[in-house]
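Peer 1: Got a structure here, written out as structure tokens. Questions coming.
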Amino acid sequence: MSADAEAAFAALTGQSETATFSRLREAVMSPMHIAVENDLWRVDDPGQEPCVLRVLHSDSHAEFTPSPIVEAAKIAGSLGIGPKVLMADAETGTLLTPHLGDGWRTATMFDLKNKSVRQSVVDATRRLHDGPELSQVFDPFKRVEDLYRRAEKVEAPLPVDVKWLMDGADQVRSAVAAAPAKMKLCRNDGCASNIMIHEDGGVILLDYDLAGMNDPAYDLGVLLAEAEVFDEDAMAWIELWNDDVDPSLLGRARLYGAVDDLGWAISAAINSHVSKRISIEFRKYSEWRFMRCRRVIADRLFEETVRHVSGGH
């Protein structure tokens, strides 16, 4: 309801009498995952450039921490890889940013197969990694465990093999802990729909809900899980990611992608059970992310990859 947007805008700016609000995106999870965790509104005010108001949805409050979202969004805006933050509320996660306007469009999974788009996304992601440190640490394994406990508590529908998948995630945890990486500021989001592409080839990275200090290979892993099924195609990302081709990075990234899929699968299963937004296909999305997770953990090379990533420990 626009009344909710008006209230959020008024709380953020102290005024809303002259502004008008129109929903920028309808929330969908299939075939794209977009505008689900946040309500997105276009704000038009006479004499002002149009803006975008981003309000964390009530379904998301139990899963996301507002202050690091705002902190990371401001860093990304200052680096020129995210929208500039005009105003923000660190207690609620509400953000006001410029409307990108003509020439910009939402990326699709197919776009990520384009070499120039890949290059732009990798360049922007590496700029984020080289940026200031964030106060928040993102632990994907703790996220999965917390979501699993919450799913059990609310009796959300989980597949019969979920504990086996959780055990696989725990093996990944041990493997990467045996060969730790230097922590960098990561977005920890691989959804193509959170990337905006300009007609001149530039990109903007959206959505910092999960941002935090993490292994940079996680950012690669979530992008590969979204964009590339086959490893030979994934190597195109590896070649752009490092100055030299590092085949061992692919295994680490693939394992991270599976952990990310598991987290989102459980999260969507919870919302399929508790959310009042029955028009959103939470259950379908949950099953799809479980399927992607199984593709890695059920692979005959999974244990070999785990051993390789751990350095044989």
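Peer 1: Please give me the summed charge of the neighbours of L24: other residues whose Cβ is under 12 Å from its Cβ, Lys and Arg +1, Asp and Glu -1.
Peer 2: Working: positive: R23, R25, R42, R54; negative: E26, D39, D44.
For residues surrounding L24, the net value is +1.
Peer 1: If K74, K84, K184 are ordered by their accessible area, calculated over protein heavy atoms with a 1.4 Å probe, which sequence runs from highest to lowest?
Peer 2: These residues rank, largest area first, as K84, K74, K184.
Peer 1: Considering only protein heavy atoms and a probe of 1.4 Å, how much of the accessible area of segment 6-127 is carbon and sulfur, as a whole percent?
Peer 2: On the way: 3060 of 5950 Å².
It is 51 percent, rounded to a whole number.
Peer 1: Now for a separate question. For segment 153-161, what does the Karplus curve 6.51 cos²θ - 1.76 cosθ + 1.60, with θ = phi - 60°, yield as ³J(HN,Hα) per residue in whole Hz, taken in order and with x for Gly and Pro?
Peer 2: These are the phi-based 3J(HN,Hα) values: 5, 8, 6, 6, x, 10, x, 5, 9 Hz.
Peer 1: For segment 128-141, in order, what is each residue's ³J(HN,Hα) by Karplus, 6.51 cos²θ - 1.76 cosθ + 1.60 with θ = phi - 60°, in whole Hz (x at glycine and Pro)?
Peer 2: Once θ is set to phi - 60°, the couplings for segment 128-141 become 5, 4, 8, x, x, 6, 9, 5, 8, 9, 9, 10, x, 6 Hz.
Peer 1: Just need the relative contact order of segment 164-248 here, percent rounded to a whole number, with Cα pairs under 8 Å and 6+ apart. Could you put the intermediate results ahead of the total?
Peer 2: Details: 78 pairs, mean separation 23.2, N = 85.
Answer for segment 164-248 is 27 percent.
Peer 1: Per residue of segment 17-26, what does 6.51 cos²θ - 1.76 cosθ + 1.60 with θ = phi - 60° give for ³J(HN,Hα)? Whole Hz please, x for Gly and Pro, Karplus curve as stated.
Peer 2: My calculation for segment 17-26 gives 4, 9, 7, 10, 10, 9, 5, 7, 9, 7 Hz in order.
Peer 1: Still on this structure, please answer the following. How far apart, in nm, are the 7 Å Cα→Cβ label points at R127 and T13?
Peer 2: Each label point is offset 7 Å from its Cα along the Cβ direction, giving 2.7 nm.
Peer 1: Now a separate question. What does the extension gain come out to for R300 and M109, with contour length at 0.36 nm per residue minus their alpha carbon separation?
Peer 2: Working: separation 191, 0.36 × 191 = 68.76 nm, distance 2.64 nm.
Length gained, R300 through M109: 66.1 nm.
Peer 1: Another question, then. For the pair Q119/H198, report the inter-label distance in nm, with labels modelled 7 Å from Cα in the Cβ direction.
Peer 2: 1.6
Peer 1: Also: How high is the relative contact order of the chain, in percent, counting Cα pairs under 8 Å that sit 6 or more residues apart?
Peer 2: Numbers: 542 pairs, mean separation 56.7, N = 313.
With pairs under 8 Å counted, the relative contact order is 18 percent.
Peer 1: Return the calculated 222 nm mean residue ellipticity for the chain, to the nearest 500 deg cm²/dmol, obtained by summing -39500 (n - 2.57) across DSSP H runs with n ≥ 4 and dividing by the residue count. Provide the component values of the computation, followed by the final result.
Peer 2: Working: 10 runs with 149 residues, N = 313.
It lands at -15500 deg cm²/dmol.
Peer 1: Within a Cβ distance under 9 Å of A211, other residues only, what is the Lys/Arg minus Asp/Glu net charge?
Peer 2: On the way: positive: R187; negative: E71, D189, D207, D209.
Net local charge, A211 excluded: -3.
Peer 1: Give the separation of the Cα centroids, segment 1-57 to segment 105-131, in Å.
Peer 2: Value for the Cα centre distance between the two parts: 26 Å.
Peer 1: Send over a whole-number figure in Å² for the accessible area per residue of the chain, probe 1.4 Å. Intermediate values should be presented prior to the final figure.
Peer 2: Numbers: 14680 Å² over 313 residues.
Ligands and nucleic acids excluded, the result is 47 Å² per residue.
Peer 1: Given a 1.4 Å probe and the protein chains all in place, what does the accessible area of T108 round to, in Å² to the nearest 10?
Peer 2: 50
The values are calculated or read from the model by the stated rules, or taken from the named source; none is laboratory data. It should be emphasised that the depicted structure is a prediction, and the values quoted were computed from it without experimental measurement. Glycine also receives a Cβ, built like all others from the backbone with ideal geometry; neighbour counts cover every protein chain displayed. Areas reflect the complete protein model, heavy atoms only, side chains present, ligands, DNA and RNA absent. Shrake-Rupley method; radii C 1.70, N 1.55, O 1.52, S 1.80 Å.
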